[in-house]
1. If you take the beta carbon distance between B:Glu38 and B:Ile14 as r and set R0 to 45 Å, what does 1/(1 + (r/R0)^6) give as a FRET efficiency, to the nearest 0.05?
2. 7 Å from Cα along Cα→Cβ at both B:Arg106 and A:Ser31: what's the point-to-point distance in nm?
3. With a point put 7 Å past each Cα toward its Cβ, work out how far B:Glu6 is from B:Glu55 in nm, to one decimal.
4. In whole Å, how far is the Cα centre of the stretch A:23-57 from that of the stretch B:24-51?
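Read the figures in this text as sums done on the coordinates, not as results from a lab. Every value quoted in this text rests on a predicted model; they were computed, and no experiment measured them. Methodologically, a virtual Cβ is constructed for each residue, glycine included, from the backbone with ideal geometry; neighbour enumeration extends over all protein chains shown.
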Amino acid sequence: MLAAGSLLGVGLYAKRGRKREQVDLYFTDGSMVSVAGDSPEGARLLTLARDALRAAK
Amino acid sequence: MEPAAEALSQLTDISSQVEAAVLFDRSGTVAGATLPDERAARLASTARALLEAAEQVREGEIAQLEASTGEGSLFVIRDGEQLIAAATGPEPTSGLVFYDLKSCLRRATDQPKPKRRTSTKRTRPKSSGSS
């Protein structure tokens with residue numbers, strides 16, 4: 001029981017610490033759109049973002 | 001020191017989260033960067049492509065964006081024709097990074113105020129005295 005609880009706790013902690021892959025777009029009119037990384041649009045944007053990050057690091 | 005170089009120098013002094021940054025314009029011309037030229041140009045061109053692709057998501061002009069990946073985050077901010085792109089590690093304090101980047105962009109694009117012209121006394125040419 002204790003071991004199962006510990007495993008669940010570790011799993012939840014790991015999940016909590018993992019930020020979602022997404023792209024947040026802020027428009028000049030003050031609105032904001034969040035594009036999830038697992039959507040086709042998000043995947044396309046994140047591919048470009050990874051290319052840019054590779055150039056930067 | 002050039003305004004762009006000075007602004008980037010202040011940015012890297014202030015922000016411990018920004019790992020690399022490049023200042024460029026909408027045509028892709030790099031004004032300054034914390035990276036060697038070739039990598040700066042590549043970062044600017046991919047950041048520009050990302051912004052253009054993001055503008056297809058919804059109608060409207062994008063002022064700024066953050067792309068979060070497992071390897072880190074990419075920030076792009078636009079102020080008119082001028083842009084800044086910056087890379088951070090994973091899970092940055094987004095609000096703080098946006099603030100630092102906006103300040104950097106503003107500093108880099110601030111034109112020095114023109115000096116006030118001092119009035120000079122004009123002397124009227126002497127008439128020939130014939131009239």
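1. Efficiency computed from Cβ-Cβ geometry: 0.95.
2. 2.7 nm
3. Simple spin-label model gives 3.1 nm for this pair.
4. 17 Å
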